[in-house]
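The values are calculated or read from the model by the stated rules, or taken from the named source; none is laboratory data. On a predicted model such as this, the values are computed, not experimentally measured, just so you know. For neighbour counting, all protein chains shown are included, and Cβ atoms are generated from backbone atoms with ideal geometry for every residue, glycine included.
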Amino acid sequence: MSRDFSRTDRVGQQIQKEVATIIQREVKDPRLGMVTVNAVEVTRDLAYAKVFVTFFTLEGQSEQESVVILNEAAGFIRSVLAKRIKARIMPELRFVYDKSLVEGVRMTNLVNQAVAEDERKAGDNSTDEGHKDS
């Protein structure tokens, strides 16, 4: 009987939940805006965990600056995480900005623009044909 999730997936889900809570409640850096932990990829040997995050950044701050702040706090987050999760090996955390949300919004806008353009052209063609018949 096979399992639906591998061990690394289960560890990744647990890390995602706990890291989100730790960042929200324990990390007190005023330079950091609101952080969303979207996903966590854990290596098979559980040595590294890549934490994908998005931000509601503070005014004048880039996503890359926020990633640097989180990576500087990674040791603290990892130590708090180790106390909450009972695991023999605690992966080293690496924070990465998740562009998929921004890319998804961009793609949706492109599709909406293309549909609107097609509808506009279809509307122009129907009015042109109506004038030819008269």
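Is it true that Val80 is farther than 28 Å from Glu65 by Cα and either of a type in the set (D, E, K, R) or modelled with pLDDT of 85 or more (or both)?
no
List, please: which pairs have Cβ atoms under 8 Å, are six or more places apart or on different chains, and start with a residue in segment 20-41 that is within 21 Å of Arg10 (Cβ to Cβ) and in the same structural domain as Val80 (by TED's automatic domain parsing) and end with one that is in a helix (DSSP H, G or I) and among the hydroxyl-bearing types (Ser, Thr, Tyr)?
Asn38/Ser100
For residues in segment 63-121 being under 30 Å from Arg31 (Cβ atoms) and among the hydroxyl-bearing types (Ser, Thr, Tyr), which is farthest from the chain's Cα centre (by Cα)?
The qualifying residue farthest from the chain's Cα centre (by Cα) is Ser79.
For segment 24-40, what are the residues that are touching a Ser or Thr at 6+ places or on another chain (Cβ under 9 Å), surrounded by 14 or more Cβ atoms within 10 Å (Cβ to Cβ) and more than 11 Å from Phe52 (Cα to Cα)?
Leu32, Gly33
Taking the condition in contact (Cβ under 8 Å) with a residue 24 or more places away in the chain, closer than 23 Å to Leu101 by Cβ, in contact with a Pro (Cβ under 7 Å, 6 or more places away or on another chain) and surrounded by 17 or more Cβ atoms within 10 Å (Cβ to Cβ), does Ala49 pass?
Here the answer is yes, as Ala49 does meet what is asked.
Has segment 52-73 got any residue that is assigned by TED's automatic domain parsing to the domain that holds Gln14 and closer than 17 Å to Thr8 by Cβ?
Checked segment 52-73: at least one residue is assigned by TED's automatic domain parsing to the domain that holds Gln14 and closer than 17 Å to Thr8 by Cβ.
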